[in-house]
Amino acid sequence: MSVSRADLILGLQDIFRDVFLDDSLVISEETSPLEIEEWDSLAHITLVTTVEKAFGVRMSADEIGDINNVQMLIDVIINNSNS
Amino acid sequence: MNKFNVNSKSLLVAAIKKNILLGDADIALDVLVRNASPSDDVLLQAFYSRVALKIIETKKDLKIMKIVFLGTTTLNQWVDALRFWLLLEGFRLEPLIIPFGVWRQQILDDSSELYQFSPDIVWFFAQPSDLGLDDGKIAGLEPADPAVSMAIEDMLGLVSTLSENITVLPILNNLVPPAFGPLGNYEGTTPHSISSCIQKFNLELASKAPCGSVIFDIAHIACRFGLNRWHDYRLWHYSRHPFSFEVNSECAFAAAKLLLATRGESKKCLVLDLDNTIWGGVIGDDGLGGIRIGSDGGASGEAFAAFQTWLYALKERGIALAVCSKNNIETAQEPFKSKAGMVLKLTDFVSFKANWNNKADNIRDIARELNIGLDSFVFVDDNPAERELIRSELPEISVPELPADPSDFIACLASGFWFETVHVSLEDRQRIAAYQQNVVRTKFNAGHSNLHAFLKGLQMAPKWGEVSEHSIQRAVQLINKTNQFHLTTTRYTESQVRVMMNDPNYWVGWFALSDRFGDHGIISVVILSIANNVASVDTWCMSCRVFSRTMENFIFARVVEIAKSRGCVTIVGKHKLTEKNSVVNTLYSQLGGSKMNSDSNVSEKIWQFDINEAFSLDSEYIACNDS
């Protein structure tokens, strides 16, 4: 039973909307801090810890640092839930 | 449904967003004051922090607190949370977070950003690593005393330089030990381990910190969570966050309450209910022998005694204790005089209200007697309806949701951090006597609160019927256990009740009540004996949980209907006076009865009701639906 990347994006979109207080935000795998102005290093920590809680995963310090778009976030979620 | 109480957290978020969009920051703030908890999850806390910024933009009447934060860790999320909790207390936090690694320069240079900001408070958020106390050298077996004294000197030297340059309140964090010291168990044995050095530092800091500074005991807060849960080394290595996000808001909440204490805004008086709050059971019904307190009272008796001991310690350091109980004063005071296992004595209280008035009025009286504001009160009661009454009548009073198990009462009260103080003086310890004198001096008039709105808001729903095999055990229990609301003091066995149930000349009925807080179940039993067109109320008892809610009106209106349907023209009610049932002294006269015997000395009063006289006595608060 694997969750598709499309499903993950939908789940992540809800979290992005909450974290960035924007109910109309639409994200794709390419969405990055370049597009979302508020996605600074502090928001990044809030985002990552929220994602961890929502998906029941735990990321390493390096992974937290490496993520710089939605695609990498999804990769990390998938890698951590398989292990 | 009170518009400010929100049942689920997603509704909470929606309600706040809506009110902020509408530009109504006051309502949004009120919703938050009533619903936000430091234990809410990380996502909600992040939402609170963002909302706080929006509310602060529009609220002009906030008190200002300017704080400089010094440290080498990422404090932004913690300061955001602190801003939120201070906002709920009516403060606007104006923070200045000094960038990493320059705090010494900022203190030493009297033209620095720190001094230009002219703060009220400078908060030293030091980590062991800032003070040389996480070094490999003190990981082990070599004497590390110089490291501790150097760290103390370093810290206090900075505070002293600061105080020479500016008049501020310095707040100093003590240090949190690591979750996993390299020496394991031996950390606690050798004075040279990191853990021992940090403990020693904390003790020395407490004894040497200059007068007028305050220590934030973050080590204790960390221990409450458990060091393993406190530290998130991943966040530490990645972004220099000093602790896990899971504990961020709770730590900020504790800090906000400490800041209130520095402004003298901690709570001053704790108002306590008695039955099932400071002892187990109901003194009016169970009697001295039946209430549970101390070692004779089993596990819950022990728990109530521990709670009383904790309350006694609060009183000893200057928190006023008061009683507010629905009881007769003599009955309520009896355990304090003659029950073994009681820790608190009557003289420990500054005010003792045991009566049948509503509790909001009683608390207003206490505030007047002590001459302190209602916002200085915490109200503790096991009954959710009383708690809701106080919340709606006196919103400035803090009302904790008391848990069901008395073992958890202390944790519940402690988690509110209501009684924080920055020092305990001789004056604090003598304050209770001063309060007590105040009470003797003050004369007051009873106020009237909006009972109408409270009773309406309870959304009470009754049920009733004839006692059957399903309900007989509860009916018998009520008849035999109730002392207070029990007009004729009858006691019946199950078989006696069964005989009356099957006798057409009797009506044996039960009444149940639920409200929006829950179902009280069967709370009243009425037995009518019917002969010659007269219905006599043989038995009427009701549980004290539903006193003063007009349930008696509802019940009696049903009694009238039943008597009518059985062809009666008269109802006769007796009141057998006892020491414990004075709560019903005026019941039948309030219901419109005429007294048949006027001799005031008789121990049994008889009242008569003419059924054909129209009396409008039914409760307007209890909807008469299906039975």
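Every residue, every condition in (1) modelled with pLDDT of 95 or more; (2) outside the structural domain of B:LEU389 (by TED's automatic domain parsing); (3) under 17 Å from B:PHE379 (Cα atoms); (4) hydroxyl-bearing (Ser, Thr, Tyr), yes or no:
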site	(1), (2), (3), (4)
B:LEU288	no, no, no, no
B:THR309	yes, no, no, yes
B:GLU316	no, no, no, no
B:ILE319	no, no, yes, no
B:SER325	yes, no, yes, yes
B:ALA340	no, no, no, no
B:PHE349	yes, no, yes, no
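Name the single residue, out of those in the range B:30-65 being part of a loop (DSSP other than H, G, I, E, B) and more than 18 Å from B:LYS257 (Cβ to Cβ), that is nearest to the other protein chains (Cβ to nearest Cβ). Taking the candidates together, the pick is B:ASP41.
The listed residues are B:VAL68, B:VAL42, and the only one of them that is hydrophobic (A, V, I, L, M, F, W, C), closer than 24 Å to A:LEU42 by Cα, touching a Ser or Thr at 6+ places or on another chain (Cβ under 9 Å) and touching a residue at least 40 places away in the same chain (Cβ under 8 Å) turns out to be B:VAL42.
If you take the residues in the range B:103-114 that are surrounded by 15 or more Cβ atoms within 10 Å (Cβ to Cβ) and touching a helix residue (DSSP H, G or I) at 6+ places or on another chain (Cβ under 6 Å), which one is nearest to B:MET65 (Cα to Cα)?
To start, the set of residues in the range B:103-114 that are surrounded by 15 or more Cβ atoms within 10 Å (Cβ to Cβ) comprises B:103, B:106-107, B:112, B:114.
Those left that are additionally touching a helix residue (DSSP H, G or I) at 6+ places or on another chain (Cβ under 6 Å): B:106-107, B:112, B:114.
Numbers: B:GLN106: 20, B:ILE107: 20, B:SER112: 20, B:LEU114: 15 Å.
Once the filter is applied, the top-ranked residue is B:LEU114.
Restricted to the range A:9-21, and to residues there that are touching a Phe, Trp or Tyr at 6+ places or on another chain (Cβ under 8 Å) and more than 8 Å from chain B (Cβ to nearest Cβ), the residue that is farthest from A:ASP75 (Cα to Cα) is A:PHE20.
So if I check each of B:PHE100, B:PHE47, which one is crowded, with 19+ Cβ neighbours inside 10 Å and aromatic (Phe, Trp, Tyr)?
On the way: B:PHE100 fails: crowded, with 19+ Cβ neighbours inside 10 Å.
Unique residue meeting the criteria: B:PHE47.
Among B:LEU478, B:LEU455, which is part of a helix (DSSP H, G or I), modelled with pLDDT under 90 and closer than 20 Å to B:LYS574 by Cα? Write out each step before concluding.
Details: B:LEU455 fails: closer than 20 Å to B:LYS574 by Cα.
Among B:LEU478, B:LEU455, only B:LEU478 is part of a helix (DSSP H, G or I), modelled with pLDDT under 90 and closer than 20 Å to B:LYS574 by Cα.
Take the conditions small (Gly, Ala, Ser) and more than 10 Å from every other protein chain (Cβ to nearest Cβ) and apply them to A:SER60. Does it pass? Taking the combined requirement at face value, the residue does not satisfy it. Just one of the listed residues (B:ILE215, B:ILE194) is surrounded by fewer than 21 Cβ atoms within 10 Å (Cβ to Cβ) and away from chain A (no Cβ under 14 Å), and it is B:ILE215.
For the range A:15-27, which positions are surrounded by fewer than 12 Cβ atoms within 10 Å (Cβ to Cβ) and over 19 Å from B:LYS54 (Cβ atoms)? Answer for the range A:15-27, where residues must be surrounded by fewer than 12 Cβ atoms within 10 Å (Cβ to Cβ) and over 19 Å from B:LYS54 (Cβ atoms): just A:VAL26.
Matching residues to (1) assigned to a strand (DSSP E or B); (2) farther than 25 Å from B:GLY284 by Cβ:
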site	(1), (2)
B:ILE527	yes, no
B:TRP540	yes, no
B:ILE571	yes, yes
B:GLU579	no, no
B:ASN597	no, yes
B:VAL602	no, no
B:TRP607	yes, no
B:GLU613	no, yes
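Note on the range B:76-87: among residues that are crowded, with 23+ Cβ neighbours inside 10 Å and of a type in the set (A, V, I, L, M), the one that is nearest to the other protein chains (Cβ to nearest Cβ) is B:ALA81.
Here's the yes/no breakdown for (1) crowded, with 20+ Cβ neighbours inside 10 Å; (2) assigned to a helix (DSSP H, G or I); (3) under 18 Å from the mean Cα position of the chain (by Cα); (4) free of Cβ contacts under 8 Å to residues at least 40 places away in the same chain:
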| site | (1), (2), (3), (4) |
| --- | --- |
| B:GLY284 | yes, yes, no, no |
| B:LEU288 | no, yes, no, no |
| B:SER300 | no, yes, no, no |
| B:ALA306 | no, yes, yes, no |
| B:LEU311 | yes, yes, yes, no |
| B:CYS324 | yes, no, yes, no |
| B:GLU334 | no, yes, no, no |
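When we screen B:ARG566, B:ARG516, B:ARG491 for residues that are without any contact (Cβ under 8 Å) to a residue 60 or more places away in the chain, surrounded by fewer than 18 Cβ atoms within 10 Å (Cβ to Cβ) and over 22 Å from B:LEU617 (Cβ atoms), the only hit is B:ARG491. So, B:ILE27, is that one closer than 15 Å to B:GLY90 by Cα, in contact with a strand residue (DSSP E or B) (Cβ under 9 Å, 6 or more places away or on another chain) and either surrounded by fewer than 16 Cβ atoms within 10 Å (Cβ to Cβ) or more than 14 Å from chain A (Cβ to nearest Cβ) (or both) or not? So B:ILE27 fails the test.
Residue-wise test of (1) surrounded by fewer than 20 Cβ atoms within 10 Å (Cβ to Cβ); (2) under 36 Å from the mean Cα position of the chain (by Cα); (3) in a loop (DSSP other than H, G, I, E, B).
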residue	(1), (2), (3)
B:MET150	yes, no, no
B:THR161	yes, no, no
B:LEU175	no, yes, yes
B:PHE180	yes, no, yes
B:THR190	yes, no, yes
B:PHE201	no, yes, no
B:GLU204	yes, yes, no
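Entry remark, the range B:79-115: residues being closer than 18 Å to B:ASN248 by Cβ, over 26 Å from the mean Cα position of the chain (by Cα) and not in a strand (DSSP E or B) number 2 in total. Out of curiosity, is B:GLY90 assigned by TED's automatic domain parsing to the domain that holds B:PRO178, touching a residue at least 12 places away in the same chain (Cβ under 8 Å), under 25 Å from B:THR262 (Cβ atoms) and surrounded by fewer than 21 Cβ atoms within 10 Å (Cβ to Cβ)? Here the answer is yes, as B:GLY90 does meet what is asked. Among the residues making up the range A:23-54, those that are over 15 Å from B:ASP80 (Cβ atoms), within 11 Å of another protein chain (Cβ to nearest Cβ) and either touching a helix residue (DSSP H, G or I) at 6+ places or on another chain (Cβ under 7 Å) or in a loop (DSSP other than H, G, I, E, B) (or both) are A:ASP23, A:VAL48, A:VAL51, A:LYS53, A:ALA54. For the range B:529-555, which positions are in contact with a strand residue (DSSP E or B) (Cβ under 8 Å, 6 or more places away or on another chain) and either outside the structural domain of B:LYS576 (by TED's automatic domain parsing) or over 30 Å from B:LYS456 (Cβ atoms) (or both)? Across the range B:529-555, the qualifying residues are B:SER529, B:ILE530, B:ASN533, B:VAL534, B:ALA535, B:SER536, B:ASP538, B:THR539.
Looking at B:LYS595, B:LYS580, B:LYS605, which one is in contact (Cβ under 8 Å) with a residue 12 or more places away in the chain and surrounded by fewer than 16 Cβ atoms within 10 Å (Cβ to Cβ)? Write out each step before concluding.
On the way: B:LYS580 fails: surrounded by fewer than 16 Cβ atoms within 10 Å (Cβ to Cβ); B:LYS605 fails: surrounded by fewer than 16 Cβ atoms within 10 Å (Cβ to Cβ).
Among B:LYS595, B:LYS580, B:LYS605, only B:LYS595 is in contact (Cβ under 8 Å) with a residue 12 or more places away in the chain and surrounded by fewer than 16 Cβ atoms within 10 Å (Cβ to Cβ).
Provide a single number: the residues in the range A:63-77 that are more than 12 Å from chain B (Cβ to nearest Cβ) and loosely packed, with under 15 Cβ neighbours inside 10 Å.
So the answer is 2.
Evaluate the range B:237-247: report whether one residue or more is crowded, with 20+ Cβ neighbours inside 10 Å, in the same structural domain as B:ASP382 (by TED's automatic domain parsing) and assigned to a helix (DSSP H, G or I). No, the range B:237-247 contains no residue that is crowded, with 20+ Cβ neighbours inside 10 Å, in the same structural domain as B:ASP382 (by TED's automatic domain parsing) and assigned to a helix (DSSP H, G or I).
Counting only residues that are more than 12 Å from B:PRO178 (Cα to Cα) and either within 14 Å of chain A (Cβ to nearest Cβ) or modelled with pLDDT of 95 or more (or both), the range B:218-249 holds 17 of them.
The values are calculated or read from the model by the stated rules, or taken from the named source; none is laboratory data. Bear in mind that the values here come from a model prediction, so they are computed numbers and not experimental data. Glycine also receives a Cβ, built like all others from the backbone with ideal geometry; neighbour counts cover every protein chain displayed.
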